[in-house]
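Everything on this sheet refers to the single structure shown next.
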Amino acid sequence: MRRSEQAAKTLQLKSDFRDWYDCAFDLQGQMVFERLSTAGMSRRQMFAFLQKLGLRTPRHGLVEDLVSALTHDCEDWPKDLQRRFLDQAVDVVIYHDEQAHCGEGKQKISAGKALDLYPDTYASEFIPSVAGRGSVSLRYLQVGQRRWWLRYWSQDDWRSNAGEGDCEILCEEKPGRPHEINDPLFAVDFIRAGKKLYAIDFNIAPGLAPLNGLLLPSEVVSQISSFIQPLQQ
């Protein structure tokens, strides 16, 4: 057994889903890595955190407040024209489950319908990434000290990781990590609109399917172990 594989066997996994590198964890490991799909910040905490990092985010808040902000520039319009604008020109993303990731727990609907049905629910402005059907997103993926940029796309869904689509690795950056983020594994998702990037999700338990075949399971676990070992000593 190689040295990297021996190091990887010091870490135990606690998770609510399976991934391809799970075989490299040790059931009796002295250190524990928690990888829970609903762990981490709520959606509103997440947007505040992303903004604190200096990243641009979509406008967000309770639907009633969000719609008010989205219609600020047309508040002098006749009421019926405002309503048509909300029903036909503006969409929002409703977060029915603020802890969910991977395209779950959210719904894209018109701002008018959201105001009627979910005025007190948390939501964000929907920013289309492509014209017409489909979607594209960029992902910054961090595993220990290693980090990649990926691109996801869908041909027929507003969520880039749903429907008919795929994913590709764009590049790997030099080893390192943001000092502001103290998680061994995380991903930040972005939507591009024109020349602007909007951060839309921060996930501390992302799936690593795109890295399968690029790394050995032991390499993934070794990266995670090397990061959390000083924290658990």
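The values are calculated or read from the model by the stated rules, or taken from the named source; none is laboratory data. Only a predicted model underlies this, so the values are computations on that prediction, with no experimental measurement involved. Because the Cβ atoms are built from the backbone with ideal geometry, glycine has one as well, and the counts that use them run over all protein chains shown. SASA here: full protein model, heavy atoms, side chains in, ligands and nucleic acids out. Shrake-Rupley method; radii C 1.70, N 1.55, O 1.52, S 1.80 Å.
Annotations for the structure displayed:
- Ser160 vs. criteria of a type in the set (Gly, Ala, Ser), closer than 30 Å to Ala89 by Cβ and touching a strand residue (DSSP E or B) at 6+ places or on another chain (Cβ under 8 Å): yes
Yes/no matrix, rows are residues, columns are (1) of a type in the set (A, V, I, L, M); (2) more than 20 Å from Phe202 (Cα to Cα):
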site: His96; (1), (2): no, no
site: Ser110; (1), (2): no, yes
site: Leu138; (1), (2): yes, no
site: Gly165; (1), (2): no, yes
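- Close pairs from the range 205-224: first over 21 Å from Arg151 (Cβ atoms) and assigned to a strand (DSSP E or B), partner modelled with pLDDT of 95 or more and not hydrophobic (A, V, I, L, M, F, W, C), Cβ under 7 Å, at least 6 apart: none
- For the range 133-151, a residue qualifies if it is open to solvent by less than 40 Å² (accessible area, probe 1.4 Å) and in a strand (DSSP E or B), and the qualifying residues are Ser135, Ser137, Leu138, Arg139, Tyr140, Leu141, Gln142, Val143, Trp148, Leu150.
- Residue check for Leu216: closer than 22 Å to Glu34 by Cβ, surrounded by 13 or more Cβ atoms within 10 Å (Cβ to Cβ) and of a type outside the set (D, E, K, R): no
- The set of residues in the range 35-69 that are among the acidic types (Asp, Glu) and touching a His at 6+ places or on another chain (Cβ under 8 Å) is empty.
- Every residue from the range 31-50 that is without any contact (Cβ under 8 Å) to a residue 60 or more places away in the chain and over 27 Å from Lys113 (Cβ atoms): Glu34
- Those residues of the range 181-206 which are under 25 Å from Ser15 (Cβ atoms) and over 11 Å from the mean Cα position of the chain (by Cα), in sequence order: Ile181, Asn182, Asp183, Pro184, Leu185
- The residues of the range 59-115 that are modelled with pLDDT of 95 or more and of a type in the set (S, T, N, Q), listed by number, are Gln107, Ser110.
- Filter result (of a type in the set (Ser, Thr, Tyr) and touching a helix residue (DSSP H, G or I) at 6+ places or on another chain (Cβ under 8 Å)) within the range 118-136: Tyr118, Thr121, Tyr122, Ser124
- In the range 51-76, residue nearest to the chain's Cα centre (by Cα) [restricted to those that are among the small types (Gly, Ala, Ser) and under 17 Å from Leu115 (Cα atoms)]: Gly61
- Residues of the range 158-176 that turn out to be in a loop (DSSP other than H, G, I, E, B), in contact (Cβ under 8 Å) with a residue 40 or more places away in the chain and open to solvent by less than 50 Å² (accessible area, probe 1.4 Å), as a count: 1
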